[in-house]
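S.K.: Submitted below is the structure of interest, expressed as structure tokens.
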Amino acid sequence: MARPRTPLLSTDRIVAAARVLVDAEGLAAVSTRRLAAELGVSGPSLYNHFRTKDQILEAVADSVSAQVDLSMFEDGRDWRTALHDWAVSYRAALRDHPNIVPVLARGPGRRPAGLRLADAVFGAMVEAGWPPAQATSIGALMRYFIMGSALGSFAGGFVDDESAYDPADYPHLGQAHLLAEQQEKIDERAFETGLMALLDGLTRQYEQVRRTA
């Protein structure tokens, strides 16, 4: 029997193709017609795996969540170190796939990898001694911070034209035109500064929790 000319269609293959499209062109680029063309199949064949475009985007979002390392919640690291290392891994995944962040920001819904992520964070915090209500708040807080850091670049929001920052109008932005060329370094430093500030604050709360337990 002759081999098929194209690989058999699968859920994973559809998700991978959709993720490439989202990364390159954004959410609006994804359609069943476009995906079918990219995969070399007929449009209706996609419906054997996904009924709607939204389902495809949800699967792409979950494939990105699956890239986040969760081992730090299982290998004995203390809660603060685990949160730090998880946040760094989570941000790295979002930085590699920034266009899918708006879908991820809706919450995990029924997405398996997203739910495993939420379960790991909450479970680790409770096991470390945080009351469940505060463990929930910590998960939400970290999610707000990490998602926000991935939605856009602070440094990249400034243009590299010195004339855009007239000192008569913006007396403190004389060096703002230099920020864009240092975008990665500035954004990394800002993320780490914010993360350490959050963890320092949580550590003080944790000490109070342990004293009153």
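S.K.: Report the FRET efficiency, 1/(1 + (r/R0)^6), for HIS177 and TYR144, where r is their Cβ-Cβ distance and R0 is 35 Å, rounded to 0.05.
M.R.: 0.70
S.K.: Working out 0.36 nm times the residue gap between ALA190 and LEU27, then minus their Cα-Cα distance, what length gain in nm do you get to one decimal?
M.R.: 56.0 nm
S.K.: Roughly how many percent of the accessible protein surface of the chain is carbon and sulfur, given a 1.4 Å probe and a whole-percent answer?
M.R.: Summing carbon and sulfur atoms, their accessible area is 54 percent of the total for the chain.
S.K.: Now for a different question. Which whole-Hz ³J(HN,Hα) couplings does segment 202-213 yield from phi under the Karplus relation 6.51 cos²θ - 1.76 cosθ + 1.60, θ = phi - 60°, glycine and proline marked x?
M.R.: For segment 202-213, the Karplus-derived couplings read 5, 4, 5, 5, 5, 4, 5, 4, 5, 5, 8, 5 Hz, x marking Gly and Pro.
S.K.: If you don't mind, another one. Please report the relative contact order for segment 18-146, taking Cα pairs under 8 Å with a sequence separation of at least 6, and give it as a percent rounded to a whole number.
M.R.: 25
S.K.: Also, quick follow-up: Looking at segment 1-102, which trypsin sites (Lys or Arg not before Pro) are DSSP coil and have at most 12 other C-beta atoms within 10 Å of their C-beta?
M.R.: Those satisfying the criteria are ARG5, ARG51.
S.K.: With the other protein chains left in place, how much accessible area per residue, in square angstrom, belongs to segment 1-150 at a 1.4 angstrom probe?
M.R.: 53
The values are calculated or read from the model by the stated rules, or taken from the named source; none is laboratory data. Everything quoted here is computed from the prediction, not taken from an experiment. Every residue, glycine as well, gets a Cβ built from its backbone with ideal geometry; the counts of neighbours run over all protein chains shown. The area values use the complete protein model at the heavy-atom level, side chains included, leaving out ligands, DNA and RNA. Shrake-Rupley method; radii C 1.70, N 1.55, O 1.52, S 1.80 Å.
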